[in-house]
Structures are given as C-alpha cells and as structure tokens.
Amino acid sequence: MPDVIAASRQYNNDLVVLGIDVDEDPATVQAFAASRNIPYPVLLDSGAVGRMYRLTGFPHHVFIDRQGNISGVVHGEMNAGEMDSEILRAIGK
C-alpha cells in the first residue's frame, strides 16, 4: 500500500486512484484509511465491483487508460517499478 500511496501523490495530475474495500463496515474502512493517511477515496463494495473485474484475490490492481479501457491488470503485490510501468502505460507517457 505505501507504493500505491506514493504513486497517487507522484502522479496526482495524471492519475486517479480509488481503493475498494470488500464487505467491511464503513467505520472500519474509514478508521483504517485515516490511520494510514490514505490520500485517495476508498470505496465500499458488496461484491459487484469484484465480480465485474473478476477479482480473484487481494490485492488486485486494475489500470484504466484515459479512454476508459483496461490497460493492465495485476493480481497480487507490485513493487514501485512495476507500478510505475503500468501507470505510465495507462497515462500514455
């Protein structure tokens, strides 16, 4: 998660980061986000978004380009270099 937070700050003019939490109550999610100083919105999902993106586990990263097309999907952890590569491809740089 620290790399996602860093990327959201580094690419803040070119990138929208959304966290999605599945099946936890809003107070728990809000407390977690606050305790980690997460600078992006964390949305609550009852499972619909997970089904739409064929979520198979956590973490699950979906990169969507400016035209709304999925440019990359990564299941599992990513290091900063991998994340940068996916972000740059999605934003066209």
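The values are calculated or read from the model by the stated rules, or taken from the named source; none is laboratory data. Fair warning: this is a prediction, and the values are worked out from it, not measured in the lab. Here the Cβ is made from the backbone with ideal geometry for all residues, glycine too, and neighbour counts use every protein chain on show. The area values use the complete protein model at the heavy-atom level, side chains included, leaving out ligands, DNA and RNA. Shrake-Rupley method; radii C 1.70, N 1.55, O 1.52, S 1.80 Å.
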### Task
Report, in deg cm²/dmol and to the nearest 500, the calculated mean residue ellipticity at 222 nm for the chain, where each DSSP H run with n ≥ 4 adds -39500 (n - 2.57) and the sum is divided by the residue count.
-11000 deg cm²/dmol
### Query
How big is D for the chain, in µm² s⁻¹ as a whole number, if Stokes-Einstein is applied with the Kirkwood radius of its Cα pairs at 37 °C and 0.692 mPa s?
235 µm²/s
### Message
If amide hydrogens are placed 1.01 Å from N in the peptide plane, which non-local residues have theirs closer than 5 Å to the one on GLY19?
### Response
VAL42, LEU43
### Message
Per residue, how much accessible surface does the chain expose to a 1.4 Å probe? Answer in Å², no decimals.
### Response
67 Å²
#### Entry: Protein accessible area in the chain, 1.4 Å probe - carbon and sulfur %
53 percent
### Task
Highest first, please rank the peptides 57-66, 81-90 by the mean number of other Cβ atoms sitting within 10 Å of their residues.
81-90, 57-66
### Message
Please report the antiparallel percentage of DSSP beta bridges with both residues in the chain, rounded to the nearest 5.
### Response
55 percent
### Query
By the scheme Lys and Arg +1, Asp and Glu -1, what is the net charge of all other residues having a beta-carbon under 14 Å from that of VAL22?
-3
### Query
Ranked by accessible surface with a 1.4 Å probe, highest first, in what order do ARG36, ARG51 come?
ARG51, ARG36
### Query
In the neighborhood of SER46, defined by Cβ-to-Cβ distances under 15 Å, what is the net charge if each Lys or Arg adds +1 and each Asp or Glu adds -1?
-4
